[in-house]
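The structure appears right after this line, and notes come after that.
We did not get these values from a lab; they are worked out from the coordinates using the rules stated. What you see is a predicted model, and the numbers here were worked out from it, not measured in a lab. We place every Cβ from the backbone using ideal geometry, glycine too, and count neighbours over all the protein chains shown.
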Amino acid sequence: MGYSKLQLVKFEPSGITVAVSSGTDLLEAARRAGIPLPSTCNGQRECGECRLIVSAGQVSPLTSEEIEILNEEERNRGVRLACCTRIQSAVTITGY
Ligand code: FES
């Protein structure tokens, strides 16, 4: 198993914070934090329900599924699908 750096993921407004490995997706991070994000497709990138806003930190670029599911206004506001978004640094999440 390769070395994987731990990153802090903070969910506002509650301030609940979890440490996960770099590369973990935000749906998994929310589950570990005990935050119930709607996710009917269970991370299959189909339902479009697992929306949140990454307000600080670095994450993976938009996926083709997100470009299909999210409209331009949402994308401009920083809305992401949690199951499509992988953590690359410490991040702060709002708007879920
Ligand atoms: S959980 Fe369905 S799109 Fe993310």
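A few points about this structure:
- Residues of the stretch 76-86 classified as within 15 Å of the ligand (Cβ to nearest atom) and not in a loop (DSSP other than H, G, I, E, B), total: 7
- Checked against (1) out of contact with any helix residue (DSSP H, G or I) (no Cβ under 7 Å at 6 or more places or on another chain); (2) surrounded by 14 or more Cβ atoms within 10 Å (Cβ to Cβ), Ile16 passes all but a single condition, namely (1).
- Restricting the first member to the stretch 42-57 and to residues that are of a type in the set (Asp, Glu), and the second to residues that are near the ligand (Cβ under 8 Å from one of its atoms) and in a strand (DSSP E or B), the beta-carbon pairs closer than 9 Å and six or more apart or on different chains are Glu49/Leu81.
- Arg45 of a type in the set (D, E, K, R), within 10 Å of the ligand (Cβ to nearest atom) and touching a Cys at 6+ places or on another chain (Cβ under 6 Å): yes
- When Ile35, Ile93, Ile53 are screened for being assigned to a loop (DSSP other than H, G, I, E, B) and within 15 Å of the ligand (Cβ to nearest atom), only Ile35 passes.
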